[in-house]
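Student: I have a structure here, written as structure tokens, and I will follow up with some questions on it.
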Amino acid sequence: MLRRKLFLRTTLLLSVALPLAVSAAHSAYAAGDVVVALDNNVIGLDPADLNDNLSMTATRTMLQGLYGFDKDMKLIPVLAESTDASPDALSYVVHLRKGVVFHDGAPFNALAVKTSFERAMNPENHLKRAALYDPIKTIEVVNDNTVEITLKYPFGAFINNLAHQAYAISSPKAIAEYGKDLGRHPSGTGPYKFVSWATDTLKVGKNEHYWKPGLPGVDSITIRSTPENGARLAMLQAGEAQYIYPMPPELVKVIERDPKVDVVAAHSIYARFVALNVMRKPFNDVRVRQALNYAVDKNAFLKVVFGGYGVVLDAPLPANLSGYSKQPTGYPYDPAKAKALLAEAGYPNGFEAPLWGGNSTISQRGMQFLQQQFAAVGVKVSVEPLEAGVAAAKVWNVKAPEDATTLMYYTGWSASTGDADWGLRPLFYSKAFPPNLFNVAYYANPVTDAAIEAGLTTADPVKRTEDYKTAQAQIWKDVPWVFLVSDDNLSAKSKQLSGIYVLPDGQMLMEEAALK
Amino acid sequence: MLTYLARRLAGTIPVLLAVSIFVFGFVHALPGDPARLEAGPEASPADIEAIRHDMGLDGPIWTQYLRWAGNTAQFKLGRSSKTRQPVAEVIGERFFPTLWLTIVSMIWATVLGVGIGVLSGVGRGRWQDKTGMVFAISGVSFPGFWLGLLLIDLFSVRLGWLPTGGYGSWQNFVMPSFTLGLSVAAVMARFTRSAFVEIMAEDYVRTARMKGVPERLVAWKHTLRNALIPVITLTGLQFGFLLGGAVVIETVFSWPGLGRLLIDSVSFRDYPVIQAEIMLFSVEFVLINLAVDVLYAVANPEIRLK
């Protein structure tokens, strides 16, 4: 009997004590190794075959383009020194940086640019970003350090395309050697070299021959996938990670007073909005669309959904996107005016409509807030979160505008080229209805169309700004959206770390990473 | 015995065939176009068509099935439409973390669960029974994600003893396997206890006691062995379930397992991966069932394998 009791006690004791008895031998990262915890997995490392920010971020550590962005998303030359554009925006002569080598030892030169671009644009390779290369007709090697790119049609924003990560240049040697598997053997000219990538962890190491003197300042960067918000934060608190992104706004309070970490709020080029199908009743009436804009307290929306981090949209483009033009009058919160406009439009008692959107927690929170705001002016919307695949089928894969069942769609857009064209054309151009692009409001206005087209056919920045100003004024007047907010990219970092930045488009720069 | 095994294994073929038709039909009936999802919002319709052709999704559905079933039978699983990695590799690199986590969790959970169950059964109504059942009820009632986050907060953030998550060294196993195994141990304890109590009331147990067999032998030899049959069934079932991955544990502890892979693949409509994963789960279940049947015979020689 005694022995049995003893056994029981030992068992119970063990079950409690087991986790306690474990020694503390983790967080053995050497100085100079930075761990960045992100919310998802890297999908691939071939920038011409990616469309998610996280994988693009990963490729940015290793692969560079002719142009790129600085931390404020200003266009800067990277592997190019300068470019001469013809006035008709059809020909671009790019002068290349000299003395740069790829990680695998191949020299960077005009032929490397040609090889990399031609691989990406070749339709037989079926790469996801081939569409971004669509304007290119030919790439000619002028001499070792000069390429001439000729376009099929005038494209004023072409240099912005060159800055897109999809235009990052891969080593011609790696292209020849790995073919279809290039995405698992990246070789570029960037500050870090590929080390390993397996199950949720990507590691890149210092490029000793990097062409920018003195960089990079750390030995390696490890990107770890940590999907759970609380666990990601715990990694930072436990010192296992030095940078985490995204930082969930609702958890800011938890670490605000932690002396070892900083919360970083960086402006984004995200625009959050509700697209209203202007071809359908009741949204075909501009007064209804105005009413819905007056019905939402956008500052409260920002506070409730994004913890107050961000700004209210005051133009169709977010303030950090090039070509943004602030509109003189906004749509301030005014439920009385909203009700009056609805009555004027023939809906004194409001109406009912489904509100679609994504199914993430934060997206549902946004929709619920809107539901409550609309209800206050008599508009009863039902919140219908759509799973990604369902959204693709119901929203994007619509064959013709008449078949569209989208009425109100809560979503967001970030122009991946950092240029006004990609912030307007996919969303407001009459040739951008699904399935071609993302004009889910089915908005069409000849003035807007003409301005968007004019902005494309010149490379003159002053003229382009003028065109986009016209387009934005017209769109603001036509209100195809409920314009909401541009939320910040929230991240958090160890105080010892500097030099890692989240760009306005949600991708990250790690070139200047340094540890104190 | 060997002929029995061979016959049982042959018998699984029609089962797997039926499962394959069901899986294929189910996956293809999901709303959403994988080509569209892969291409992303900025792609042109021509790009999407090209990708669809690439994925082999452009013929009639039955030719698509035959092609897939034929390839699968030869273990040609194709490439993931999301990462373009071979499917065998995608699943392979997550199968072992799931398998090891399952084995570690099952071992301690079974030992502890059966132990507590026996002690509770023997001391029915006494303090050890009450303590054991408090453990069992708490074990099943703790939500995994909550317990997981509490553990992380205590052992990683405050004490710094264990890594918050990831996969690699043995330290990485401690918290996930504890969280995962706790509810299993609790269920085991309850199950063992009730089986035990039932057997204790049997005539042969009374006979053994009357013969003067020591109480300890009555419990561990006469009773436990017979009480094991339902416990083996439960162990097999739990094992099969855990091999399917544990989404919550994998998410909280950033564990590279099969559960999250399945969820990710479904939301991406990564047909090759979803299909291969579900087929793998079916094969696992079939094999576990077989193992359970064999173990019955080991535990109770009265059961003959025919």
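Bear in mind that the values in this text are calculations on the coordinates, not laboratory data. What you are looking at is a predicted structure, and each value in this text was computed from that prediction instead of being measured. Using ideal geometry, Cβ is built from the backbone for each residue, glycine included, and neighbour counts are taken over all protein chains shown.
Student: Can you give the mean number of other chain Cβ atoms that lie within 10 Å of the Cβ atoms in peptide B:164-177? Each step should come with its number before you reach the end.
Tutor: Working: counts 17, 12, 12, 4, 3, 3, 2, 5, 1, 1, 4, 2, 0, 2.
Rounded to a whole number, the mean comes out at 5.
Student: What distance in nm lies between label points placed 7 Å from Cα along the C-beta direction at residue A:253 and residue B:62?
Tutor: Between residue A:253 and residue B:62, the label points sit 6.1 nm apart.
Student: Given a Förster distance of 25 angstrom, what is the FRET efficiency for residue A:86 paired with residue B:44, based on the Cβ-Cβ distance and rounded to 0.05? Each step should come with its number before you reach the end.
Tutor: Numbers: r = 26 Å, r/R0 = 1.04.
Approximately 0.45, to the nearest 0.05.
Student: For peptide A:378-391, compute the average count of partner chain beta-carbon atoms within 10 Å of each residue's beta-carbon.
Tutor: 2
Student: Taking 0.36 nm per intervening residue step and subtracting the Cα-Cα distance, what contour gain separates residue A:144 from residue A:403 on full extension?
Tutor: Full extension of this stretch gives 88.0 nm more.
Student: Can I ask one more? Residue by residue through the stretch A:251-261, which ³J(HN,Hα) values in whole Hz follow from phi under the Karplus form 6.51 cos²θ - 1.76 cosθ + 1.60 (θ = phi - 60°), with glycine and proline marked x?
Tutor: So the J values, rounded to whole Hz, are 9, 4, 4, 4, 10, 3, 9, 5, x, 9, 10.
Student: Next question, about the same structure. Using a 10 Å cut-off on Cβ atoms, rank the peptides B:213-223, B:112-122, A:376-386 from the highest mean neighbour count down.
Tutor: Working: B:213-223: 15.5, B:112-122: 25.8, A:376-386: 18.4.
Packing proxy ranking, top to bottom: B:112-122, A:376-386, B:213-223.
Student: Let me ask something else about it. Take peptide B:58-66, look around each residue's Cβ out to 10 angstrom, count Cβ atoms belonging to other protein chains, and average those counts.
Tutor: For peptide B:58-66, the averaged partner shielding equals 0.
Student: Find how many whole Å separate the alpha carbon centroid of the stretch B:254-302 from the alpha carbon centroid of the stretch A:375-433.
Tutor: Distance between centres, Cα-based: 39 Å.
Student: Cα-Cα over 20 Å: which of A:206/A:516; A:114/A:212; A:298/A:380; A:337/A:477; A:337/A:380?
Tutor: A:114/A:212
Student: Under 19 Å between alpha carbons, and skipping anything fewer than 8 positions from residue A:253 in its own chain: which lysines qualify?
Tutor: List returned: A:303, A:493, A:495.
Student: Work out which helices of chain A, taken as complete DSSP H runs, extend at least 20 Å along their axis over the Cα atoms and score a mean Kyte-Doolittle of 0.0 or more, then list them.
Tutor: Once both thresholds are applied, what remains is A:2-17.
Student: Moving on. Between the stretch A:151-179 and the stretch A:236-264, how many Å separate their Cα centres?
Tutor: 36 Å
Student: Kindly identify chain A as rounded, prolate or oblate by the Cα gyration tensor criterion: order the square roots of the eigenvalues as a ≥ b ≥ c, call it rounded if a/c is under 1.5, otherwise compare a/b with b/c, prolate if a/b is larger, else oblate.
Tutor: Since a/c reaches 1.5 but b/c is at least a/b, the shape of chain A is classed as oblate.
Student: Turning to a different aspect of this structure: Sort A:436-447, A:254-265 by the packing proxy (mean of other Cβ within 10 Å over each peptide's residues), most packed first.
Tutor: Top to bottom by mean Cβ count within 10 Å: A:436-447, A:254-265.
Student: I need the fraction of alpha carbon pairs in the stretch B:94-305 separated by more than 26 Å, rounded to a whole percent. Let's see the in-between values first.
Tutor: Values: 10006 of 22366 pairs.
That tail contains 45 percent of the Cα-Cα pairs.
Student: A further question follows. Can you give me the convex hull volume of the Cα atoms of the stretch A:270-487, divided per residue and expressed in Å³?
Tutor: Output value, Cα hull per residue: 110 Å³.
Student: Could you tell me which helices of chain B pass both thresholds, a Cα extent of 24 Å or more along their own axis and a mean Kyte-Doolittle hydropathy of at least 1.0, with helices taken as whole DSSP H runs?
Tutor: Long hydrophobic helices here: B:2-29, B:87-122, B:224-243, B:271-299.
Student: Could you name the lysines whose alpha carbon sits less than 27 Å from that of residue B:130, not counting residues in the same chain fewer than 8 places away?
Tutor: Candidates past the 8-residue exclusion: A:5, B:221.
Student: Write down Rg/Rh for the stretch A:232-381, rounded to two decimals, with Rg from the C-alpha atoms and Rh from the Kirkwood relation over Cα pairs.
Tutor: Values: Rg = 18.6 Å, Rh = 17.6 Å.
Reported Rg/Rh, Kirkwood definition of Rh: 1.06.
Student: For residue A:186, what charge total do you get from the other residues with a beta carbon under 14 Å from its beta carbon, if Lys and Arg give +1 and Asp and Glu give -1?
Tutor: Taking every other residue near residue A:186 into account, the sum is +3.
Student: Taking amide H positions as placed in the peptide plane 1.01 Å from N, state which residues far from residue A:81 in sequence (5 or more) or on other chains have amide H under 5 Å from it.
Tutor: A:95, A:96, A:97
Student: Also: Provide the net charge surrounding residue B:244, with neighbours chosen by a C-beta distance below 13 Å and charges set as Lys +1, Arg +1, Asp -1, Glu -1.
Tutor: Around residue B:244, the charge tally is -1.
Student: Running Debye on the stretch B:1-85 with equal point scatterers at the Cα sites and no solvent, what base-10 log of I(q)/I(0) appears at q = 0.17, 0.20, 0.24 Å⁻¹?
Tutor: -0.81, -1.02, -1.28
Student: Also, quick follow-up: Going by Cα centres, the stretch A:203-218 and the stretch A:66-126 are how many Å apart?
Tutor: 20 Å
Student: Along the charge dipole of the protein assembly as shown, Cβ charges K/R +1 and D/E -1, which of A:434, B:97, A:355 sits furthest on the positive end?
Tutor: B:97
Student: Just order B:155-163, A:400-408 by mean Cβ neighbour count inside 10 Å, highest at the front, would you?
Tutor: Per-residue mean Cβ counts within 10 Å order the peptides as B:155-163, A:400-408.
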